[in-house]
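Beneath this line is the structure, given in structure tokens, with notes to follow.
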Amino acid sequence: MPDAAELLSQIRISGAIPRHVAIIMDGNGRWARDRMLPRPLGHRHGMKSVRAVVEGAIEAGVEVLSLFAFSKENWQRPALEVSALMSLLEEFVQGEADELERQGVHVRFLGELERLAPAASAAVDRVVRQTAHCATLRLNLFVSYGSRAEILLAIRSLASDVAAGRLTPEQIDESAFTERLYTSDVPDPDLLIRTSGEQRISNFLLWQIAYTEFSITPVLWPDFGRKELYEAILDYQQRDRRFGRVPA
């Protein structure tokens, strides 16, 4: 089996690199359960995979990396697990901010961030400001995010403009709608990876993934790294993306 370096070499000669890679990071709990460990330890080990995937994306030439870190629905998990996740968020920011800046990673957090605890919110603001000038990779971390809520927010924004006379219904098109989404300043994902073998979208980027290529891997997130990322990119490069059209 080729290692990560060999896969990266293949990627560089195999075609277009996906500009935007999105990942549903799944399997932390199962990883911990299989080892008879508390669930929070699975999330902690998953942080290492975040680091590896960010570095791998930079090496492969990906422009935007979107990671689904914490959904709106995750607030319903046991309070101890939610607290541990918020603490890990703060720890990630404090431990990785300088290195992310050094590597040229522009960090953005997308979602209902007003629900974060004050300490987590302050940490998020700090890393966003610290990396705002970076341009090598855009890292979107989706926290307290749900795609249906994002779509409803966009609809309300458009409706408000119509009611105020700033917009007519006829002016509402795909472009106008897209401008109201969290991801309005980046291209839609070319490739969506889901770890742990589950085959569902889990309320992630429902509008944005209309023509996205999917890659489902049985690998649990804490075991996912450069090699698995490169395998997914290499598979993507072999696909014929037609966007509903047929070859001439």
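Hey, can you tell me all the residues within the stretch 9-39 that are within 19 Å of the chain's Cα centre (by Cα) and surrounded by 19 or more Cβ atoms within 10 Å (Cβ to Cβ)?
Correct list: P18, H20, V21, A22, I23, I24, M25, D26, G27, N28, G29.
Go through (1) under 17 Å from the mean Cα position of the chain (by Cα); (2) surrounded by fewer than 15 Cβ atoms within 10 Å (Cβ to Cβ) and name the single condition A122 misses.
Failed condition: (1).
Does any residue of the stretch 82-103 turn out to be basic (K, R), in a strand (DSSP E or B) and modelled with pLDDT of 95 or more?
no
One line per residue, one yes/no per condition, for (1) surrounded by fewer than 18 Cβ atoms within 10 Å (Cβ to Cβ); (2) in contact (Cβ under 8 Å) with a residue 24 or more places away in the chain; (3) in contact with a Pro (Cβ under 9 Å, 6 or more places away or on another chain):
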position	(1), (2), (3)
L141	no, yes, no
L152	yes, no, no
V162	yes, no, yes
T168	yes, no, no
Q171	yes, no, no
D190	no, yes, yes
I193	no, yes, no
F204	no, yes, no
T217	no, yes, no
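Looking only at the stretch 58-74, count every residue that is farther than 18 Å from I209 by Cβ, crowded, with 18+ Cβ neighbours inside 10 Å and either among the basic types (K, R) or touching a strand residue (DSSP E or B) at 6+ places or on another chain (Cβ under 8 Å) (or both) and tell me the total.
Number satisfying all stated conditions: 1.
Select from the stretch 65-98 the residues that are in contact with a helix residue (DSSP H, G or I) (Cβ under 9 Å, 6 or more places away or on another chain) and within 14 Å of N140 (Cβ to Cβ) and list them in ascending order.
Across the stretch 65-98, the qualifying residues are L65, L67, A69, F70.
Run S87 past the list (1) surrounded by 16 or more Cβ atoms within 10 Å (Cβ to Cβ); (2) touching a residue at least 40 places away in the same chain (Cβ under 8 Å) and report the number of the one that doesn't hold.
Against the list (1) surrounded by 16 or more Cβ atoms within 10 Å (Cβ to Cβ); (2) touching a residue at least 40 places away in the same chain (Cβ under 8 Å), S87 comes up short only on (2).
Regarding the stretch 146-157, can at least one residue be identified that is touching a strand residue (DSSP E or B) at 6+ places or on another chain (Cβ under 9 Å) and either at pLDDT 95 or above or over 15 Å from S66 (Cα atoms) (or both)?
Yes, that holds for at least one residue.
Pairs only if they're at least six apart or on different chains, beta carbon under 7 angstrom, first in the stretch 39-65 and part of a helix (DSSP H, G or I), second of a type in the set (S, T, Y) and buried (at least 18 other Cβ atoms within 10 Å of the Cβ); list them, first residue then second.
Every condition considered, the pairs that remain are G56/Y230; A60/Y230.
With the condition being closer than 30 Å to R33 by Cα and basic (K, R), I'd like the helices (runs of 4 or more DSSP H) fully within the stretch 130-248 carrying at least 2 qualifying residues.
The qualifying helices (runs of 4 or more DSSP H) are 226-237.
Specify the residue that is surrounded by the most Cβ atoms within 10 Å (Cβ to Cβ); the eligible residues are those in the stretch 173-188 that are among the hydroxyl-bearing types (S, T, Y) and without any contact (Cβ under 8 Å) to a residue 12 or more places away in the chain.
Looking at residues that are among the hydroxyl-bearing types (S, T, Y) and without any contact (Cβ under 8 Å) to a residue 12 or more places away in the chain, I get S184.
Could you list, in sequence order, the residues of the stretch 115-146 that are within 27 Å of G61 (Cβ to Cβ), out of contact with any Ser or Thr (no Cβ under 9 Å at 6 or more places or on another chain) and of a type outside the set (A, V, I, L, M)?
The answer is R129, Q130, T131, H133, C134, T136.
Considering D188, D161, D235, which residue is under 17 Å from the mean Cα position of the chain (by Cα) and on the phi < 0 side of the Ramachandran plot?
D188
The values are calculated or read from the model by the stated rules, or taken from the named source; none is laboratory data. Since the structure is predicted, the reported quantities are computational estimates derived from the model, not experimental observations. Here Cβ is always computed from backbone atoms with ideal geometry, including for glycine, and neighbour counts include all displayed protein chains.
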